[in-house]
Amino acid sequence: MTANQTILMCEPGHFSVDYVINPWMENQTGMVDRARASRQWERLRTILSDFIKLAFVPSQPGVPDMVFTANAGLVHTGKVIVSRFASQHRRAEEPLIRAWFEENGYAIADWPQHVAFEGAGDALFDRKLPILWFGHGFRSDAAAAGAIERAISCRTVALRLVDPRFYHLDTCLCPLEGGWLLYYPGAFDQESLDKICALVTARKRIEVDEADALQFACNAVNLGKAVILNHASEKLIAHLRREGFDPMLTPLCEFLKSGGAAKCLTLKLSE
């Protein structure tokens with residue numbers, strides 16, 4: 001089990017697609033098989049429990065996307081930035097998230113309420129460099145980069161997302177142990193790709209093609225050498241294994257209907 005780490009999850013008892021705020025949700029309203037989603041979530045929970053401690057925020061009616069705890073906030077050394085959602089559809093989650101963190105002893109960081117920021121969906125700590133990769137362009141405001149630095153004193157590297165299918169950073173980029181980076185280049189503008197190449201050597205960049213990206217291969221949970229994800233091609237699996245990682249596939253297709261997979265369903269409470 002990974003020492004001194006905990007992941008926050010929310011069981012999918014009220015998960016559904018009730019509105020459209022990303023391209024994955026189009027034509028999916030009312031199409032979720034909740035029993036199947038529950039089985040898929042439970043399988044992910046079981047896999048994670050072999051590696052790490054788990055905590056749970058209660059599922060609530062009226063907030064169907066609360067299952068995606070990665071969007072709840074960004075946690076760093078006992079302090080949390082509670083997300084300020086761009087969409088009114090998700091803002092009902094904010095007081096529920098804040099209450100859970102307050103009840104569990106976390107310090108709540110000050111945050112400008114006019115600045116949209118969707119937590120660890122758009123903010124990913126590198127696993128080697130002392131930086132936070134930050135995505136903006138669809139959900140989080142570009143101004144959130146500076147606000148994050150002021151709130152938790154961590155250098156941010158801002159990356160602009162340009163493909164609406166990859167509306168959060170965690171749908172197209174995943175930092176891996178040892179400074180490796182799994183990412184889909186087509187999700188970023190050229191300036192952002194230049195930043196990635198300047199900070200991560202070619203040896204440690206694992207580029208994902210569009211087919212794998214559309215199966216949310218980058219929306220993975222990395223725990224030690226394990227990389228837990230919805231799906232990956234044989235080519236990508238082989239590449240990960242060559243670099244010493246252990247890809248573990250667990251289908252999460254019901255959550256793809258809402259634009260989420262393994263990483264979206266988890267929030268690391270300690271980094």
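Whenever a residue of segment 40-65 is open to solvent by less than 50 Å² (accessible area, probe 1.4 Å), its partners that are of a type in the set (Lys, Arg), lying with C-beta atoms within less than 9 angstrom and at least six residues away or across chains, give the pairs 52/268; 54/45; 63/90; 65/90.
Among the residues making up segment 140-172, a single one is of a type in the set (Ser, Thr, Tyr), open to solvent by less than 10 Å² (accessible area, probe 1.4 Å) and under 26 Å from residue 110 (Cβ atoms): 140.
Here residue 31 passes the criteria (1) modelled with pLDDT of 95 or more; (2) open to solvent by 10 Å² or more (accessible area, probe 1.4 Å); (3) under 19 Å from the mean Cα position of the chain (by Cα) except the one numbered (3).
Regarding residue 136, is this residue open to solvent by less than 60 Å² (accessible area, probe 1.4 Å) and within 22 Å of residue 21 (Cβ to Cβ)? Yes; evaluated as a whole, the condition is true for this residue. For segment 189-204, taking the residues that are in contact (Cβ under 8 Å) with a residue 12 or more places away in the chain and not in a loop (DSSP other than H, G, I, E, B), the one that is surrounded by the fewest Cβ atoms within 10 Å (Cβ to Cβ) is identified as 191. If residue 24 passes every condition in (1) modelled with pLDDT of 95 or more; (2) under 28 Å from residue 104 (Cβ atoms); (3) not hydroxyl-bearing (Ser, Thr, Tyr) but one, which one does it miss? Looking at each condition in turn, residue 24 falls short on (2).
Scanning segment 89-134 for residues that are assigned to a strand (DSSP E or B) and either under 28 Å from residue 162 (Cβ atoms) or under 16 Å from the mean Cα position of the chain (by Cα) (or both) yields 117, 123, 124, 125, 131, 132, 133, 134.
Residues satisfying the criterion are absent from segment 156-167 (criterion: of a type in the set (Ser, Thr, Tyr), in contact with a helix residue (DSSP H, G or I) (Cβ under 7 Å, 6 or more places away or on another chain), outside any strand (DSSP E or B) and within 24 Å of residue 232 (Cβ to Cβ)). Count of segment 205-237 residues, restricted to those that are outside any loop (DSSP other than H, G, I, E, B) and surrounded by 15 or more Cβ atoms within 10 Å (Cβ to Cβ), is 15. For segment 65-86, filtering for residues that are within 17 Å of the chain's Cα centre (by Cα) and either under 19 Å from residue 34 (Cα atoms) or of a type in the set (Val, Ile, Thr) (or both) leaves 9. Would you confirm whether any residue within segment 67-83 is in contact with a Pro (Cβ under 9 Å, 6 or more places away or on another chain), within 21 Å of residue 22 (Cβ to Cβ), assigned to a helix (DSSP H, G or I) and modelled with pLDDT of 95 or more? The answer is yes, given that some residue of segment 67-83 is in contact with a Pro (Cβ under 9 Å, 6 or more places away or on another chain), within 21 Å of residue 22 (Cβ to Cβ), assigned to a helix (DSSP H, G or I) and modelled with pLDDT of 95 or more.
The values are calculated or read from the model by the stated rules, or taken from the named source; none is laboratory data. It should be emphasised that the depicted structure is a prediction, and the values quoted were computed from it without experimental measurement. Ideal geometry is used to build each Cβ from the backbone, glycine not excepted, and the neighbour counts take in all protein chains shown. Accessible surface areas use protein heavy atoms only, side chains included; no ligands, DNA or RNA. Shrake-Rupley method; radii C 1.70, N 1.55, O 1.52, S 1.80 Å.
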